[in-house]
Amino acid sequence: MGLVGVGETGNGEMGLSSVALGTKNKYKRMDSQLPDEDEDASQHQLQEKRSKKTRKYVLACAIFASLNSVLLGYDVGVMSGAIIFIQEDLKITEVQEEVLVGILSIVSLFGSLAGGKTSDMIGRKWTMALAAVVFQAGAGVMVFAPSFEILMVGRLLAGIGIGFGVMIAPVYIAEISPTIARGSLTSFPEIFINLGILLGYVSNYAFSGLPAHINWRIMLGVGILPSVFIGFALFIIPESPRWLVIQNRVDEARSVLLKTNENESEVEDRLNEILVAADTSSGGKYEEKSVTRELLSPSPALRRMLITGFGIQCFQQITGIDATVYYSPEIFGEAGIEDKTNLLAATVAVGVTKTVFIMVAILLIDKLGRKPLLYVSTIGMTACLFSLAFTLTFLGKGQIGIAMAILSVCGNVAFFSVGIGPVCWVLTSEIFPLRLRAQAGALGAVGNRVCSGLVAMSFLSVSNAISFGGTFFIFSVVSAVSVAFVYIFVPETKGKSLEQIELLFQTEQWQGEGGQVELGDVEHLVQKG
């Protein structure tokens, strides 16, 4: 005879399953789910805490890695105003002015080329440190330059340092970021370029009242400060996990991935993907064919990557953004603004616009995707460049012409910042395979810097030959061509891991309908492989 209210469980044990458990009952079920719910809640809280900590850590890494980009932006912004006073102090010619402005971009290509090889040898992290040191040396020489020749020496050193920096930052951030936030985080260098431009404009305006032989030196000297913080960053940021895998330091790579991925269960998946991509899972090395030879004699898939990466980098610059930013005082002067202080104040408005709209891109790039932003950007730039050309050619130097010129320039930099500015660097850091990423990314950066230098060094001469308006008509046509390039050659990479993107370019479906390949197709390729 059993106890009242005590039943037998399915496994032969005695339980309280037959006892009514109302709100007033003093008995509790031994198999109650409450402990499990408490445990689940506790685990959820721990996971949420880990996620917040991880996001903050990855954000800090992206910010510190992007500090070198401030140097490029600051130089672009500050030189637009400093050149006015350098010309007055050192009595340089217009040709020397063009060379001084544009040579930094040309020389930076050597830094970018060397940066690819250097980052493969000493790591992404220490390449960023090298960039800061070289730039500081160049900036110091420029500050104390007594002549145009010495100023050029400092400019050359600064250019090499910037070349290292602009090449390595997007690669590092792409390799350390979780897939879901890679687009936003890899856009950080472009944010900091814009921030640097704005700081350069503000510096011009703030120091313009000082004597001409002092103010431009202070303007250039302030640019040293961002690189100082990079020294502190080296104690915080880790090495790229993908570079560590290349060096067969797999345990260190796993440790970094644990810090940069919110979900621990994903770490091994990511690590295995990297191991397969690096061809170290079987203890092997890269194939005998050298990286340089592979880039010079690319496979069909690599050729597609190079067309996309190199092309988008070139289009970013040949649409004339550096001409707009470097020579905005001259453009506004052509529109009718004569006072130097008013000219520099107008450039501050350009810098603010450029910085604000890059934030819009950061919010949208992982939601809308890379390609929609590129469409908005290139089409909008085409319209604004045509408007600026029309204004400078037909509206004269009245109040309407001045207002339209300022509006067109601000519109152009806004559309640039919301799309092709940041997306260009995101794409080139995503699309190349691991063994080629650094050096192929460097090749793209070289195309970017060469086009930037050619535009900056020829803008005034071309404008004198065919007018400012005629030059911007050319830029508007080039921008229209970039719309077609985006449609034909640029695929959507949103939501795909770096290893999946590599497989995406290996499929014939890359061609047609703007290179759209669904994630399911890529996963099928992975399974098939």
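The values are calculated or read from the model by the stated rules, or taken from the named source; none is laboratory data. These numbers were taken from a predicted model, which means no experiment stands behind them. Positions of Cβ are backbone-derived with ideal geometry, glycine not excepted, and every protein chain shown enters the neighbour counts. Surface areas here come from the heavy atoms of the whole protein model, side chains and all, with no ligands, DNA or RNA. Shrake-Rupley method; radii C 1.70, N 1.55, O 1.52, S 1.80 Å.
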What's the number of the condition PRO238 fails, among (1) touching a Leu at 6+ places or on another chain (Cβ under 9 Å); (2) in a helix (DSSP H, G or I); (3) more than 19 Å from GLU430 (Cβ to Cβ)?
-> (2)
Of the listed residues (PHE164, PHE207), the one being more than 10 Å from the chain's Cα centre (by Cα) and either open to solvent by 30 Å² or more (accessible area, probe 1.4 Å) or small (Gly, Ala, Ser) (or both) is PHE207
Considering (1) under 25 Å from GLY73 (Cα atoms); (2) assigned to a helix (DSSP H, G or I), say which one ILE337 fails and leave the rest.
-> (2)
Answer yes or no as to whether GLU273 is assigned to a helix (DSSP H, G or I), open to solvent by less than 20 Å² (accessible area, probe 1.4 Å) and out of contact with any strand residue (DSSP E or B) (no Cβ under 7 Å at 6 or more places or on another chain).
-> no
Looking at VAL101, VAL143, which is the one that is under 29 Å from the mean Cα position of the chain (by Cα), β-branched (Val, Ile, Thr) and open to solvent by less than 10 Å² (accessible area, probe 1.4 Å)?
-> VAL101
Checking PHE135 against (1) touching a helix residue (DSSP H, G or I) at 6+ places or on another chain (Cβ under 9 Å); (2) at pLDDT below 80, the condition it does not meet | (2)
Filter result for the condition that a residue is over 21 Å from the mean Cα position of the chain (by Cα) and either not assigned by the TED database to the domain that holds PRO170 or not in a helix (DSSP H, G or I) (or both), over ALA361, ALA323, ALA389 | ALA389
Could you say which residue among LEU113, LEU109, LEU157 is open to solvent by 10 Å² or more (accessible area, probe 1.4 Å), more than 18 Å from the chain's Cα centre (by Cα), assigned by the TED database to the domain that holds LEU90 and closer than 21 Å to SER452 by Cβ?
-> LEU157
Would you call GLU288 at pLDDT below 85, closer than 21 Å to LEU185 by Cβ and open to solvent by 40 Å² or more (accessible area, probe 1.4 Å)?
-> no
Which of (1) surrounded by 20 or more Cβ atoms within 10 Å (Cβ to Cβ); (2) over 23 Å from THR186 (Cβ atoms) does VAL481 not meet, given it meets every other one?
-> (1)
Could you check the range 411-529 for helices (runs of 4 or more DSSP H) lying wholly inside it with 1 or more residues that are out of contact with any Cys (no Cβ under 7 Å at 6 or more places or on another chain) and modelled with pLDDT of 80 or more?
-> 420-430, 434-489
In this structure, is SER80 closer than 15 Å to SER452 by Cα, touching a residue at least 40 places away in the same chain (Cβ under 8 Å) and not acidic (Asp, Glu)?
-> yes
Which condition breaks for GLY333 when tested against (1) touching a residue at least 40 places away in the same chain (Cβ under 8 Å); (2) surrounded by fewer than 24 Cβ atoms within 10 Å (Cβ to Cβ)?
-> (1)
LEU198 at pLDDT below 85 and within 19 Å of the chain's Cα centre (by Cα) | yes
Please verify whether the range 230-238 includes one or more residues that are surrounded by fewer than 20 Cβ atoms within 10 Å (Cβ to Cβ) and at pLDDT 85 or above.
-> yes
Determine the pairs where a residue that is in the same structural domain as ILE197 (by the TED database) and hydrophobic (A, V, I, L, M, F, W, C), located within the range 409-424, has a partner that is open to solvent by less than 10 Å² (accessible area, probe 1.4 Å) and assigned to a helix (DSSP H, G or I) with Cβ atoms under 9 Å apart, the partner being 6 or more residues away or on another chain.
-> none
Take THR378 and decide whether it is in a helix (DSSP H, G or I), of a type in the set (S, T, N, Q), at negative phi and open to solvent by 10 Å² or more (accessible area, probe 1.4 Å).
-> no
Since VAL76 meets every condition but one in (1) crowded, with 24+ Cβ neighbours inside 10 Å; (2) over 30 Å from ASP339 (Cβ atoms), which condition does it not meet?
-> (2)
